[in-house]
Amino acid sequence: MTKLTTAKRKEIPRSEFGLPATKKYPMLDRRHAANAKARAAQMEEKGKLSASSKAKIDAKADKILKKKK
């Protein structure tokens, strides 16, 4: 997974995030998508993320993960 600096993160379009309104859970590639799913599951378990937000993140990540390399 590539290092995502603050400067690079600001350059990423909102459409590349699992939660575009808040620019959280970046999904630049398959590794980021898998990581976003894992982190979303952790945050939902802790009560810091709603089930509907997790579902949005999972749906977007699944699309990326199912694409052929």
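Every number in this text was worked out from the coordinates using simple rules, so none of it is lab data. Just so it is clear, the structure is predicted and the values come from calculations on it, not from any experiment. Glycine also receives a Cβ, built like all others from the backbone with ideal geometry; neighbour counts cover every protein chain displayed.
With +1 on the Cβ of every Lys and Arg and -1 on the Cβ of every Asp and Glu, and nothing else charged, how large is the dipole of the chain about its Cα centre, in debye rounded to the nearest 20?
240 debye
The alpha-carbon of LYS60 sits under 14 angstrom from the alpha-carbons of these aspartates and glutamates, leaving out residues fewer than 8 places away in its chain: GLU16, ASP29.
Kindly give the semi-axes, whole Å and largest first, of the ellipsoid equivalent to the chain, taking each as the square root of 5 times a Cα gyration tensor eigenvalue. Before the final figure, lay out the partial values.
Working: eigenvalues 67, 45, 23 Å².
Calculated on Cα positions only, the semi-axes equal 18, 15, 11 Å.
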